[in-house]
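The values are calculated or read from the model by the stated rules, or taken from the named source; none is laboratory data. Keep in mind that this is a model prediction, so the values were computed, not measured. Every residue, glycine as well, gets a Cβ built from its backbone with ideal geometry; the counts of neighbours run over all protein chains shown.
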Amino acid sequence: MGDILSGLESMGLGSLSEVDLFHDKEKKVEKKEPEKPVEKKTEEKDLVYEKGVECACCGYSFKEKTIRLGKARMISQDMDLRPRYEEVDSLKYNITACPRCGYAALTKEFTHLSPGQARLIKDKISINFTGLKYENDTYSYDEAIARSKLALVNSIVKKGKISERAYICLTLGWLTRGKSESIAEDEESRDMLVDMLSNEENEYLKKAAEGFAEALLKEGFPICGLDESTFTYLLAALNYETGSYQESMRYVEKILINRAVSERIKDKARKIKEAIAEIRNAGK
Ligand SMILES: [Zn+2]
């Protein structure tokens, strides 16, 4: 064929330089596999955007990082209902915190603040608050944990609902779990860190279980947006996870004997029951 097509290489068309000028096909022209369009993987930073917020405590206007969860893919849920998304740990973004006065709360509760509560926060938090600092456009686990702790102390100071405090403890437990899972395999002190975080997580979950049990006596449903059966299940799961098997079984039985509870939740409760039975058998 001569060299009349040589030089195509420089245009990236080298594979075409050997084709027969007049005799189509049959001749095996090595066709390159058509390149698959590279699908850009959605990352955490793609889902984060800033939303304008006016502080319910001091009136300051600021921007808060939040996520477009509609674009994230939920892949699973842990036994204690912690949601898992493929691209992002959504729990890092469920707190709104004012950078000026230090008022922080679960985002959906942020605007619910009475004048009396605002006064308590100003007197006990704002007066000492020195600000929040962030490294990047997305929140690290440590930053998210610090924000949740700020929300927790706010909830205590403003005398928020027990269930709200318990839920923030649960969030802290989930974030600690997320942080532990994010430690690189080759991190030198990995085992030690995982151990330490597992203990911390356990403490948070215990506090959450304790607070939710109290909320059950004092508050009406829905509690933290959960109906009675889901909430009872959550108590069963938290008690199971923290080793209070007897307490866990008490909630499991409550679920299993209640005809009004959906099969989906009963199935989840049965899994806990089986897991406890296994542990008890192994202990014998
Ligand atoms: Zn403020």
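Note on segment 75-111: among residues that are acidic (Asp, Glu) and more than 18 Å from ILE145 (Cβ to Cβ), the one that is farthest from the ligand (Cβ to nearest atom) is GLU86.
Okay, residues lined up against (1) more than 20 Å from VAL53 (Cα to Cα); (2) aliphatic (A, V, I, L, M):
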site: PHE110; (1), (2): no, no
site: PRO115; (1), (2): no, no
site: ALA118; (1), (2): no, yes
site: TYR134; (1), (2): no, no
site: ALA144; (1), (2): no, yes
site: ARG147; (1), (2): no, no
site: ILE156; (1), (2): yes, yes
site: ARG165; (1), (2): yes, no
site: ILE168; (1), (2): yes, yes
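Within segment 107-114, can one find any residue that is over 14 Å from GLU164 (Cβ atoms) and of a type in the set (Phe, Trp, Tyr)? Looking for residues that are over 14 Å from GLU164 (Cβ atoms) and of a type in the set (Phe, Trp, Tyr), one finds none in segment 107-114, hence no.
Within segment 37-74, restricting attention to residues that are of a type in the set (S, T, N, Q) and surrounded by 15 or more Cβ atoms within 10 Å (Cβ to Cβ), the residue that is nearest to the ligand (Cβ to nearest atom) is THR66. Just so you know, in segment 112-122 the residues that are in a loop (DSSP other than H, G, I, E, B) and more than 14 Å from the ligand (Cβ to nearest atom) include one that is surrounded by the fewest Cβ atoms within 10 Å (Cβ to Cβ), and it is SER114. If we scan segment 168-179, do we find a residue that is out of contact with any Leu (no Cβ under 8 Å at 6 or more places or on another chain) and in the same structural domain as MET79 (by TED's automatic domain parsing)? No - not one qualifying residue is present in segment 168-179. Looking for something small (Gly, Ala, Ser) and assigned to a helix (DSSP H, G or I) - is there at least one such residue anywhere in segment 88-106? Yes, segment 88-106 contains at least one residue that is small (Gly, Ala, Ser) and assigned to a helix (DSSP H, G or I).
Residue-by-condition table, conditions (1) hydrophobic (A, V, I, L, M, F, W, C); (2) touching a helix residue (DSSP H, G or I) at 6+ places or on another chain (Cβ under 7 Å); (3) not assigned by TED's automatic domain parsing to the domain that holds LEU81:
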{"site": "MET196", "(1), (2), (3)": "yes, no, no"}
{"site": "GLY211", "(1), (2), (3)": "no, yes, no"}
{"site": "GLY220", "(1), (2), (3)": "no, no, yes"}
{"site": "LEU256", "(1), (2), (3)": "yes, yes, yes"}
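For THR242, the conditions (1) over 22 Å from the mean Cα position of the chain (by Cα); (2) of a type in the set (Val, Ile, Thr); (3) under 22 Å from ALA166 (Cβ atoms) all hold with the exception of (1). ALA215 meets each of the listed conditions (1) touching a strand residue (DSSP E or B) at 6+ places or on another chain (Cβ under 8 Å); (2) buried (at least 24 other Cβ atoms within 10 Å of the Cβ) apart from (2).
Figure legend. Inter-residue proximity from segment 51-62: first residues on the phi < 0 side of the Ramachandran plot, second residues more than 6 Å from the ligand (Cβ to nearest atom) and of a type in the set (Asp, Glu), beta-carbon distance below 7 Å, spacing 6+ or different chains. Indicated pairs: LYS51/GLU64; VAL53/GLU64; SER61/GLU54. Scanning segment 42-86 for residues that are within 19 Å of THR111 (Cβ to Cβ), touching a strand residue (DSSP E or B) at 6+ places or on another chain (Cβ under 9 Å) and among the small types (Gly, Ala, Ser) yields GLY52, ALA56, SER61.
Somewhere in segment 123-137, is a residue touching a strand residue (DSSP E or B) at 6+ places or on another chain (Cβ under 7 Å), more than 13 Å from the ligand (Cβ to nearest atom) and assigned to a helix (DSSP H, G or I)? Scanning segment 123-137, I find no residue that is touching a strand residue (DSSP E or B) at 6+ places or on another chain (Cβ under 7 Å), more than 13 Å from the ligand (Cβ to nearest atom) and assigned to a helix (DSSP H, G or I), so the answer is no.
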